[in-house]
Structure formats: C-alpha cells, structure tokens
Amino acid sequence: MAIEGRAERAQGPIRYGMVGGGQGAFIGGVHRIAARMDGEFELVAGALSSDPERARASAAELGLDPARSYGSFQEMAKAEAKRPDGIEAVAIVTPNHMHWPAAKAFLEAGIHVICDKPLTSTLADAKKLAALVEKSGKLFVLTHNYTGYPMVRQAREMVQKGQLGEIRVVQAEYPQDWLTENLEATGQKQAAWRTDPKRSGAGGSTGDIGTHAYNLLRFVTGLELDSLAADLDAFVPGRQLDDNAHVMLRFKPAAKGSGKGAKGMIWASQVAVGHENGLKLRVYGSKGGLEWVQADPNYLWFTPFGQPKQLITRAGAGAGPAAGRVTRVPSGHPEGYLEGFANIYAEAARAIRAARKKGGRVPKEVIYPTVQDGVEGVAFVEACVKSSARNGAWVKP
C-alpha cells in the first residue's frame, strides 16, 4: 500500500543540498536514502566536508556537478540562492556544534532546512535558531526519525483519542553498547566527535540518544515537562561526556485542577553490553497501556484495563489512519529504520510543496518534528547535566 495523499510532483523532485555527510559519515548516507525513497528529492549540491579534498571526492562519488561541490556551507548558501535552479532545501548532517551556523546561513538565504538532531550544541544557540526560523518564514524539519514509524503514529493517535485515559506513567529507554570501550581513543570518527564536548555539546548519551527517547515520549503522549532529576555517568575512564543516564521526570497536569501530573523515567546508555539499539516506549494511563519496541517496529501492544493484551499491526486490524498514511507495503512485509526516516522526508516534501504557493499552509495531517521540538531537546540535555552536577536535584528545563 502506497503512502496516502502523496504530494503532486508536476514540478519534479525538490532540489536539495547537503552540508556534511561525506566519506565516512554514517548519517549522511541515511539521509540520502530517506530523501530519495519516495522520489520527492534530488540531491544537486553539497558542502560535504570541511576538508576540501574529501568534499570533492565525496561529491564525485555521488555524481554531483563539480561546480556545485562547495568548499564551505557559507559559499554554498550564497551561490545556490542566486541560481535559478538553486536548491529549495538543505539537509544538515554535521556534528552538533555546526548545526546553528549552517542553519543560519541557509535560512538567511531563503532556503528551507532539514536538520539532524539534536538541534544545536547549546540552549542559547537553539533559542537563537528558533527565533530565526520564525523571522525567516522558512520551514525547519528536525529529523527525530522515530516519529516517522507507523506504529508510533498509531500510539499517538490512540493517546489523543483518550483510549488510554489519563496518562499516569511513561517510560522510555535507549540502550546501546558501542561505546563500552574507549573507542574514541582509536580515532574512530563517529565516536570521536560524539564524546567531544566542543563538538557534541554538554551531553554525551543524553544528547545523542537520550534526546530521541525524550522526543519520542513527548511526541506520543503530548505531556509537557515540569522538572527532572538526573544521574549521569561516564563509566569509561577518561571520557569527557556521559555514557549512561538515568532520568526521572515530572510532567505538568494535563489541565488545571486535574490533580497530579504524570511521572516518567528515561534510561539512555551507550555502555549497556548486549544492546545494539534497544529503543522502547511504554505508556500507562487510567484505561490502558501501550508498549512499542523499535527492534520490532511493526507491532504495538495495547492492553485495555481488565482485558486481554491486544496486538495491533502496522497494516492489519486495529491500525488507524495515522498509521495508514505513512505505511508503504502490505501487512506481513517489514518496514523499519530507513522507511521511518523516509517518512520524515516525505512529510517535509509535503510541507515544502505547500509552502510554494502564496499563503500556502501545511496540511494539518502533515507531522514532523519542528525547531521548537529541538529547543525542548537541548533544554532537556542541559537540565540533565545541571541536575546531575547537583547530585540529582530536581531542576526545571
């Protein structure tokens, strides 16, 4: 089953460029696959590395016109804005500390931005970026890709319809084991920048995967954070940023006078031996509970209180329109990480095509993480660091 409501493409694919994502960069390749999966985007330009030689070599591998392989994102933004066939959007897939300056350059050039998470490396930069997005009138899409999974959309829809009742308890965990040893000391590129506070920001596991867990929790439940208490550790000797985080969460009451707000927990770890990518979400309300596991993403477990556990499948019985509109293939066929990521790009394409029209509005059913979601993520990280430095004291983001 194709995605419903796919954008009209009479004007051809959306031209986009990429900053970062050259040779040796994992996430750049993921973005490129996601962007081309539905035929909505065409990569035509890039500033693929801060190393000019690597940038040229990366562009040649991707078949880019050498004239549109740039030595810097500043040069790219200025040149592409002047071209009659210039890019409409840019994908920013650099280390965290470069998100703000790169996004600033393209927004000021009148180009839509699709940016990897977390939004920025500091909350101050995140807030400046949010203000610039509003001023520019351009679209900003943050690729918290797990929000693109059909069963995550299904869970969100069920919460919004009140099928779980009043939300009481939420739990998210994201354990990995790839940083169990001092991998950064070997010069491994992905480990090196993620454990460097100058490039990653104040959070290690909290920024890299904790923000995913927090965003997923917020996306599904709609709960608003009141305060948190965090215990962060760097278990690997010499590591500068946290590689394990335990966070307790207090949420604001859903409405005034509604009593106690929901409580939650997040565990994020990159030293949990035996876990490759163990993202899980559990939501419990007064009428029922939900559980979703990213390793088995086509299934959502729903337990109405006092009734047997029910299995909702991505393209089968029980799934609603929110899941259906981001489902590609028939039931029984697996959809996973790349398809979920591609759904974010598909939503971005719908938004960009709507924005082409004067006064055009993004359809309400089009959902993607925004710059405000990014601000919340960076605020979450900085609050975790502050709380842990105060021996787990409760702090407000």
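From (1) more than 18 Å from Tyr345 (Cβ to Cβ); (2) outside any loop (DSSP other than H, G, I, E, B); (3) touching a helix residue (DSSP H, G or I) at 6+ places or on another chain (Cβ under 7 Å), pick out the condition that doesn't hold for Val141.
(1)
So Ala322 fits all but one of (1) without any contact (Cβ under 8 Å) to a residue 24 or more places away in the chain; (2) among the hydrophobic types (A, V, I, L, M, F, W, C); (3) within 19 Å of Ala346 (Cα to Cα); what number is the exception?
Unmet condition: (1).
Restricting to segment 206-250, and then to whatever is in contact (Cβ under 8 Å) with a residue 40 or more places away in the chain and among the aromatic types (Phe, Trp, Tyr), can you tell me which residue is farthest from Pro175 (Cα to Cα)? Quick ask: steps written out before the conclusion?
Step one: filter segment 206-250 for residues in contact (Cβ under 8 Å) with a residue 40 or more places away in the chain, giving 206-223, 225-232, 236-243, 245, 247, 249-250.
Going one step further and asking which of them are among the aromatic types (Phe, Trp, Tyr), we end up with 214, 219.
On the way: Tyr214: 13, Phe219: 20 Å.
Selected residue: Phe219.
Considering only segment 145-191, how many residues are among the charged types (D, E, K, R), within 23 Å of the chain's Cα centre (by Cα) and at pLDDT 95 or above?
Going through segment 145-191 one residue at a time, the tally reaches 5.
Identify the single condition in (1) assigned to a loop (DSSP other than H, G, I, E, B); (2) within 19 Å of Leu119 (Cβ to Cβ) that His97 does not satisfy, given that it satisfies every other one.
Condition (1) is where His97 drops out.
For a quick check of your reading of the model, give me the residue pairs whose first member lies in segment 73-88 and is in a helix (DSSP H, G or I), whose second is surrounded by fewer than 17 Cβ atoms within 10 Å (Cβ to Cβ), with beta-carbon atoms closer than 7 Å and at least 6 apart or on different chains.
As it stands, the answer is Ala81/Gly110, since those pairs meet every condition given.
Among (1) over 24 Å from Pro13 (Cα atoms); (2) assigned by TED's automatic domain parsing to the domain that holds Arg353; (3) among the hydrophobic types (A, V, I, L, M, F, W, C), which single condition is Ala155 missing?
Ala155 satisfies all of (1) over 24 Å from Pro13 (Cα atoms); (2) assigned by TED's automatic domain parsing to the domain that holds Arg353; (3) among the hydrophobic types (A, V, I, L, M, F, W, C) except (2).
Filter segment 135-150 down to the residues that are free of Cβ contacts under 8 Å to residues at least 24 places away in the same chain and of a type in the set (D, E, K, R) and list them by number. Step through it out loud before you land on a result.
Quick first cut of segment 135-150, residues free of Cβ contacts under 8 Å to residues at least 24 places away in the same chain only: 135, 137.
Listed by number, the list holds a single entry, Lys135.
Tell me the residue from Ala262, Ala234, Ala245, Ala319 that is in contact with a Ser or Thr (Cβ under 8 Å, 6 or more places away or on another chain), surrounded by 13 or more Cβ atoms within 10 Å (Cβ to Cβ) and under 30 Å from Gly187 (Cβ atoms), please.
Ala245
The values are calculated or read from the model by the stated rules, or taken from the named source; none is laboratory data. Being a predicted model, the structure only gives us computed values, none of them experimental. Note: ideal-geometry Cβ built from the backbone for every residue, glycine included; neighbour counts use all protein chains shown.
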